[in-house]
Every structure is written in structure tokens, then in C-alpha cells.
Amino acid sequence: MLEEKAYGNDLEDLRTKLGLNRPVVAQYVEWLGAIVRGNLGESLWTRRLVLSELGHRLPVTVTLGVMAIAVAVLIGVPVGVLSAVRQDSVLDFVARSAAILGLSIPGFVKAIVVILLPAIWWGWTPLARFVEFSKDPAGYAIQFVVPAIILGIGSAASIMRLTRAMLLEVLRQDYVRTAWAKGLRERGVVLKHALKNAVIPVVTVLGLQVASIAGGAVIIEWIFGLPGMGQFLVDAIVQRDYPVIQGINLLIVVIIVLTNLSVDLLYAVLDPRIRYQ
């Protein structure tokens, strides 16, 4: 009886601390007010402020995400351009097949294969102790290379396919035919005339890929032992640390919204005909 009573008191104290004993509307209004003041609550697990915890882990996730986006762009756009320019060639066939393969294999499967096969064949594994930026900036960046490549391959495949499709459509436009008729070089026609218009839908998809990369970072960070928000989210779910889960979800949503807003503003730079009132 004493244990049941103590458990009941602890449960009631937790409900009071989280505000679960009040109406849902009052909880939501109070939560919004706390967010405006920069208060995301206190972690039930670490007993630290959620904002402070996220401040330590956000740079890790941002670094991984930025490098993954860079991988997606640096692989997807050039390969898509080459595939469109050399349509129905061996290069085009290989690129399309690789894109389908990249989309078909989940990121966590690629991560496990990258960890297991080199360890079995050569006794090497990318897993290592996390290196702080202040101690070794080069080592800090290098440890993100393999996870970023794995995380960015799926987005690179989507970008490659869209770049190819849009560039093939633009290359059939009249103004591109006029550029060919003027005797311009292939590089000038493709890069200066066609690609700039073809890349606008690609930028849109790239903004949407931020959400996919943010979701994939959760598993990739956990597999490679990177102490970012993704790994912290997994730990918070296991520990049922609801303030941390709310704080991370809110931060990810804010990043996605700001990214898509930046993409919309970038349209005016890519196409001067677009003007926002």
C-alpha cells in the first residue's frame, strides 16, 4: 500500500510539473508563452534546461545536415546535367540505374553496410570517439564525411533524376534552339542558358529534402555515435522525456520552415521575372 501511495504521489507530482492536470487549451497557451520567452522546459532525464541541451547538440546536427545537402547537390546536379546532355548513352543508363539504387536502399541499411563490410574485409570501421571542434577542427570535419555521404545519397538520387528531366525539357525550348543556331558552344548553351531555368524546380525539391535529411539524421547520428539532436531524440523517446521531444520537434519544424522561406526568396535570384509583392 505504501509503495502504491508513493507511486501515486510521484505520478501526480509529474502531472503537475508538466501541467497535465489543466485543460488542454491552457496547456497550449502556457507552452506558447514559454516558447516566446525562450523557455522550452526542463529535461526529465538530464535535469537540465532543454534549450541548453539543444544548444550543445544543434551544431552537430547542423554540420551533418549541411554536409549532406552539399553531397546531394555536388553529386545530383552534375550527374543530372551529364545524363541529360548524353541522353540514352551508357553514362545516362548508369546514372539512372545508380539513382534508382540510391532511392531503393534505406539510409540505415547503407550505414550498416558501410560499418560492417570494411570491418570484416579490412578490419577498418568509421566508428570512433567523437572529436570536439575546439580540440581538432580537421578531425571534427572528417568524422562527418561518411555519415554525410550516406545521408545525402538518397537526396542526390532525387535531385539527379529531377535535374535530368527538367534539363531535357528546357533543352527543347525555342530559345535554346536559337542559342544552338547562333553557334554557341555546348557548355555555354547548357550552363548559361538552359541550366539556370531548369534548376528552379530542383531548388524547390532541395528545400523539401531538408525535412528528409532531418529525419534521416536521427538514425544516422545514432548509428555513428554523433551526439546531435537526432541521437538525443532517440534517447529522449526511450526515457520518455517529453519536454525534450517537444523541443526537438519544434526546432526541426522551425528549421524546415525557414529553409523553405529561403528557397522561395531564392526564386527571384534565379529568375528575375519573378517578383514578390
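FYI, it's all coordinate maths here, none of it is from the lab. Worth saying up front: this structure is predicted, and the values here are computed from it rather than measured. Ideal geometry is used to build each Cβ from the backbone, glycine not excepted, and the neighbour counts take in all protein chains shown.
If R0 is taken as 45 Å, the Cβ-Cβ distance between residue 113 and residue 262 corresponds to a FRET efficiency of 0.85.
Between residue 66 and residue 191, the distance separating the two model label sites (each 7 Å from Cα on the Cα→Cβ line) works out to 2.6 nm.
Loop-located trypsin sites (Lys or Arg not before Pro) in the range 53-125 (DSSP state other than H, G, I, E, B) with a sparse environment of at most 15 neighbouring Cβ atoms within 10 Å: 86. With the simple spin-label model, which puts each label point 7 Å out from Cα in the Cβ direction, the residue 90 to residue 27 separation comes to 6.3 nm. R0 = 22 Å: FRET efficiency of residue 239 with residue 56, Cβ-based, nearest 0.05? After rounding to 0.05, the efficiency reads 0.80. Considering only C-alpha atoms, what is the centroid distance from the range 106-120 to the range 164-179, in Å? Measuring centre to centre over Cα atoms gives 40 Å. In plain terms, the chain from residue 131 to residue 253 could stretch by 41.1 nm, reckoned as 0.36 nm per residue minus the Cα-Cα distance.
Using the Cβ-Cβ distance between residue 105 and residue 182 with R0 = 45 Å, the FRET efficiency computed as 1/(1 + (r/R0)^6) comes to roughly 0.50. Compactness of the range 149-219 is given as radius of gyration and Dmax, 15.4, 52 Å, from Cα positions. Decide, for the range 96-160, between rounded, prolate and oblate: order the square roots of the alpha carbon gyration tensor eigenvalues as a ≥ b ≥ c, take rounded if a/c falls under 1.5, and otherwise choose prolate if a/b is larger than b/c, else oblate. It is oblate, given that a/c is not under 1.5 and a/b is not larger than b/c. Once you order the gyration tensor axes a ≥ b ≥ c over the Cα atoms, which shape class does the range 129-277 get: rounded for a/c under 1.5, otherwise prolate or oblate by comparing a/b with b/c? In terms of gyration-tensor shape, prolate.
Distance between the modelled labels on residue 141 and residue 97, one decimal in nanometres: 3.5 nm (7 Å Cα→Cβ projection). Stretching the chain fully between residue 17 and residue 39 yields a gain of 6.5 nm (0.36 nm per residue, less the alpha carbon separation).
Using C-alpha pairs below 8 Å separated by at least 6 residues, the relative contact order for the range 59-270 is 28 percent.
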